[in-house]
Amino acid sequence: MAKLRPDQLNGALRKQLAPVYLISGDEPLLVQESCDLIRQAARKAGFTERELHHAEASFDWDELLTSANSLSLFADRKILELRIDNGKPGDKGGKALTRYCENPPEDTLLLIVMPKLDGSSQRSKWFKAVDKVATFVQIWPIAPPQLPRWIDQRIQLAGMTASHDAIEMLAARIEGNLLAAAQEIEKLKLLAVDGQVTAEMIAGSVADSARYDVFNLIDKALHGDARSAVRTLQGLKGEGTDATVILWALAREIRTLSQIAHAMQQGQPLDRAAKSAGVWDKRKALVANALRRLKLTQLQMLLRKANGIDKAIKGLRRADAWDELMDLTLNLSGTFSLSPQVQKLSLAIS
């Protein structure tokens with residue numbers, strides 16, 4: 001298996017296409033952009049049809065193999081996209097992936113997308129089978145010290161240049177949210193004079209941002225101000241903000257809290273656990289405040305709730321995503337309405 005960083009993928013795709021691609025990581029923007037590059041290269045090579053499969057608990061893995069070996073009425077070649085949201089194909093899935101990779105069809109490109117794989121997953125039988133034929137794009141979060149350089153590269157790719165102060169200001173503004181950074185850079189393309197981005201321009205852009213923003217929502221929820229958090233969420237909805245962006249921000253914060261809570265349960269002090277999780281110094285007080293009222297089991301429950309909301313947004317569950325985002329926000333703020341029994345019932349009847 002060729003192992004690539006996201007910034008190496010485009011060059012590799014220009015040389016040749018692999019029969020299988022495995023995209024693994026928890027940074028939505030970089031995962032999405034890597035998938036887009038692969039799809040674009042595949043379409044140029046004649047893979048004009050795309051089938052999307054979500055490998056959930058009830059997924060029929062024989063369907064994947066049948067689809068791979070069936071001829072399409074509309075195209076000679078197709079992209080078979082498989083999303084494994086929990087990163088665990090299980091016994092049946094592992095066997096199916098192993099069988100597929102033993103003899104990948106020439107007219108099918110398999111694109112596997114999953115969260116960050118741990119060491120045990122990379123030692124599994126199915127991964128070793130995929131390893132023989134696939135290109136593996138492993139996506140790591142951008143650590144705070146690396147963020148200014150990443151922003152500078154994105155600005156240059158957009159055909160602009162930025163001052164050091166402008167880059168630092170934007171990094172402080174987005175606080176690790178790469179999707180927000182990409183959106184800000186798109187706005188700057190409309191504002192920059194002769195492609196020059198200044199700190200004053202960044203400050204003006206921030207001042208002109210939406211009255212209700214996702215960062216305020218997160219901060220108010222962490223602070224435990226449920227009423228203000230709900231008001232902000234309603235404002236975001238009213239201004240047409242994409243529910244996916246809000247869910248991403250909430251889920252990212254809950255994952256960070258879970259990571260810190262788990263580390264503290266293992267005996268690490270808060271400061272070390274927060275630093276390992278990439279929390280900025282000025283946000284440690286907010287994080288500490290949230291962890292005083294949120295236990296690890298509650299955070300894990302909120303992550304399962306977020307997964308259910310993701311399915312609702314994608315149309316895989318019959319539920320109102322905004323109502324459920326409200327519920328998630330309230331629980332993160334400390335107004336608890338979830339229990340394992342309530343959550344199980346909610347997912348069952350949706």
Residues to consider are Thr297, Thr244, Thr256; find the one that is at pLDDT 90 or above, within 21 Å of the chain's Cα centre (by Cα) and of a type outside the set (A, V, I, L, M, F, W, C). Thr256
Which ones in the range 162-192 are β-branched (Val, Ile, Thr) and either loosely packed, with under 15 Cβ neighbours inside 10 Å or under 19 Å from Ala143 (Cβ atoms) (or both)? Ile167, Ile174
Within the range 176-208, restricting attention to residues that are more than 20 Å from Thr241 (Cβ to Cβ) and under 27 Å from the mean Cα position of the chain (by Cα), which residue is modelled with the lowest pLDDT? Ile202
List the residue pairs whose Cβ atoms are under 7 Å apart, where the first residue sits in the range 99-121 and is under 18 Å from His53 (Cα atoms), the second is in a loop (DSSP other than H, G, I, E, B) and aliphatic (A, V, I, L, M), and the two are 6 or more positions apart or on different chains. Cys101/Val133; Pro104/Val133; Leu109/Leu17; Ile112/Ile84; Met114/Ile84
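Residues that are among the polar types (S, T, N, Q), at least 2 per element: which helices (runs of 4 or more DSSP H) completely within the range 6-107 meet that?
Values: elements: 6-15, 28-44, 61-69, 90-102.
Here the list reads 6-15, 28-44, 61-69.
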Considering residues of the range 144-173 that are assigned to a helix (DSSP H, G or I) and among the small types (Gly, Ala, Ser) only, the residue farthest from the chain's Cα centre (by Cα): Ala166
When you look at Arg317, is it under 20 Å from Lys220 (Cβ atoms) and among the basic types (Lys, Arg), yes or no? no
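Checking the condition among the aromatic types (Phe, Trp, Tyr) and surrounded by fewer than 18 Cβ atoms within 10 Å (Cβ to Cβ), which residue from Phe136, Phe215 passes?
Criteria check complete, one pass: Phe215.
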Which residue pairs have Cβ atoms closer than 6 Å, lie 6 or more positions apart in sequence or on different chains, and pair a first residue in the range 260-275 that is assigned to a helix (DSSP H, G or I) with a second residue that is modelled with pLDDT of 90 or more and open to solvent by 50 Å² or more (accessible area, probe 1.4 Å)? Ala273/Met264
Does any residue in the range 286-312 that is over 14 Å from Ala274 (Cβ atoms) come within less than 8 Å, Cβ to Cβ, of a residue that is surrounded by 15 or more Cβ atoms within 10 Å (Cβ to Cβ) and charged (D, E, K, R) six or more places away or on a different chain, and which pairs are these? Leu303/Arg255; Lys305/Glu324; Lys305/Asp327; Gly308/Arg317; Gly308/Glu324; Ile309/Glu324; Lys311/Arg317; Ala312/Glu324
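The values are calculated or read from the model by the stated rules, or taken from the named source; none is laboratory data. Computed from a predicted structure; not experimentally measured. FYI the Cβ positions are ideal-geometry reconstructions off the backbone, even for glycines, and counts take in every protein chain you see. Keep in mind that these areas ignore ligands, DNA and RNA; they rest on the heavy atoms of the full protein, side chains included. Shrake-Rupley method; radii C 1.70, N 1.55, O 1.52, S 1.80 Å.
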